[in-house]
1. Given the conditions (1) modelled with pLDDT under 75; (2) touching a Pro at 6+ places or on another chain (Cβ under 9 Å); (3) open to solvent by 20 Å² or more (accessible area, probe 1.4 Å), which single one is not true for G166?
2. Across segment 198-234, which residue is modelled with the lowest pLDDT among those that are of a type in the set (A, V, I, L, M, F, W, C) and open to solvent by less than 20 Å² (accessible area, probe 1.4 Å)?
3. Going residue by residue through segment 350-368, is there one that turns out to be under 13 Å from the mean Cα position of the chain (by Cα), farther than 16 Å from R78 by Cβ, outside any loop (DSSP other than H, G, I, E, B) and of a type in the set (A, V, I, L, M)?
4. From the set of residues in segment 94-138 that are surrounded by fewer than 24 Cβ atoms within 10 Å (Cβ to Cβ) and of a type in the set (K, R), which is farthest from V18 (Cα to Cα)?
5. For G159, state whether it is at pLDDT below 85, in a helix (DSSP H, G or I), touching a Leu at 6+ places or on another chain (Cβ under 8 Å) and crowded, with 23+ Cβ neighbours inside 10 Å.
6. Restricting to segment 315-343, name every residue that is touching a residue at least 60 places away in the same chain (Cβ under 8 Å) and either β-branched (V, I, T) or open to solvent by 30 Å² or more (accessible area, probe 1.4 Å) (or both).
7. Open to solvent by less than 10 Å² (accessible area, probe 1.4 Å) and assigned to a helix (DSSP H, G or I): does that describe A307?
8. Is it the case, given these coordinates, that A107 is hydrophobic (A, V, I, L, M, F, W, C), free of Cβ contacts under 8 Å to residues at least 40 places away in the same chain and part of a helix (DSSP H, G or I)?
Amino acid sequence: MADRPVPQRRLVLTTLLVLTAINFVNYLDRQVVFAVLEPMSIELGSSDSQSGLLATVFLVAYMVASPLVGPLGDRIPRKHITAASLTLWSLATVGSGLAPDYATMFATRVAVGIGEAGFAAVAPTVIADLFRPQERGRKLAIFYLATPMGSALGYLLGGAIAEAHGWRAAFFVAGGPGLVLALVSMLLPEPVRGAMDDTKSEAAGPTGPTTTMAAVRRLFRSPAWRINTVGTTLMTFTLGGLAAWMPTFLQRTHGLTVGEAGTGFGAVTVVAGLCGTLLGGWLGDRAQARSPGGYFHVSGVGLLLGAPLVAALPLMPTVGSTFALAFVAELLLFLNTGPLNAVMVGCVPASMRVQAVAVYVFFIHAFGDAISPPLMGLISERWNLALAVGSVAIPIVVGGVVLLWGARLVSRLSGGLMAVDD
C-alpha cells in the first residue's frame, strides 16, 4: 500500500505533460504565420504595416476574449474550456492556409486569437492547483517551455514546408495536431481549486471576490499583480516584435531564404528558450525561498542584462554573429517566464486565479505585442527595419528597472506577494 500515491503523482505529471503539449501547439499555430510572412505578403499583396497588423489583430482578439473567459473559468470545469478553445483555433489555423486574400487571412487570425485566449487563461491555474507553491516556478517553467519550442517549430516547420510546398501548406500541417489534443484534453482531471496552497495563506481558502468587478478591484489593490503586469507587458512588447520581424530582417539584411531564416531563428529560439526558461524557473524558486521579492529580482536582472544585446542585434556584420547574439539575448529574456508566471498565480486567492490571469493577459497584450509589430512595421517603412529591431531594447530596460524596484517593495510588505494596498 506504500506505493498508492505514485499513480496520483503520475496523473499529475501526465496532466502537466498534456497541458505543455497543448501549449506547444498553441505557440506553433501562433508563430507559423511569421515564418511565411514574406511569401504570404507578396501573394496577398499586403504592405509591411498590414503584415504587422496580422499580429495585432490576433492579439486584440486574444486580449478581448481573455477577460470574458475569466469569470467562466472560475466556475466551470477548465478542461471543457481547453477542449473548445483548442478546437476553434486549430480549425482557424487550417483556414488561414485557405485564405484567398488579405481580408480572409485577417479574419482567420481573429478566430485563432479568440480560441487561444481561453486556454491561456485557464491552463496556468490548473498547474497551480496541481503543485505546491515551492515548486510552481519550475513546473510553470516546464509548461512555458512551449513558448520558445512551439514558436521555434513554427519558424522551422513553416519555413521548411513553405520552401518545399508553398506557404499555405504550412498552415495545414500546423493546424492538425490540435484537433487530436482537443479530444485528449477532455480526459484530464479537474483539480480542486487551491488544493495545493498553504492552508495558512489567503490563497488556500475560498476568500476571493465573488463578482467580476470585485475581482478586478482586488487585482488592482495588489502591488505584486500591478508590478508583474507592467514588467511582463514591457518584456512582451519586445519579444512580440522580435518574433514577428526577425525572420524578415534576416532575409532582407543577410540575404537568407525564407527556409534558412525560419530554420536559423527557430533553432536559436528553441535552444535559448529551453535553457533560459528552465534556468529561470530554478533560479526563481531559489531566490523566492530566500526573499518574497526573489522572483522579481531574477526577472529584473535578466531584462537589464538582455537589453544591450537586443540593441546591438542590427549592428552585427554577419549572420553568424547575429544568431550568436540573439541566442544570448533570448536566453536572458526567457529567464522571466517561470518566475513571472509563478507570481501571477501566487499573488491572488485561488478562487479568482482564472480572472487574475485573464485580466493580466489583456493588459500584457493590449500594451505589449499587440502594438509592437505594426509599430516596427511603420518604423521600417519610415526609416529601416534594422532601426525597428534595435529600438525594442528600450522597453526591456524600463521593465527591468520596474521589476527590481518591485522586488524591494514586495520584500518590505508584510504580506509578501499576497499583500494588498490598504
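The values are calculated or read from the model by the stated rules, or taken from the named source; none is laboratory data. Note that the structure is predicted; figures quoted are calculated from it, not measured. Counting neighbours? That spans all protein chains shown, and the Cβs are built from the backbone with ideal geometry, glycine included. Just the protein is used for accessible areas: all its heavy atoms, side chains included, with ligands, DNA and RNA removed. Shrake-Rupley method; radii C 1.70, N 1.55, O 1.52, S 1.80 Å.
1. It fails just one condition, (1).
2. Looking at residues that are of a type in the set (A, V, I, L, M, F, W, C) and open to solvent by less than 20 Å² (accessible area, probe 1.4 Å), I get A203.
3. yes
4. Checking each candidate, the answer is R132.
5. In short, no.
6. Correct list: L315, T318, V319, T322, T337, V343.
7. Yes, satisfied.
8. Considered against the rule, which asks whether it is hydrophobic (A, V, I, L, M, F, W, C), free of Cβ contacts under 8 Å to residues at least 40 places away in the same chain and part of a helix (DSSP H, G or I), A107 comes out as yes.
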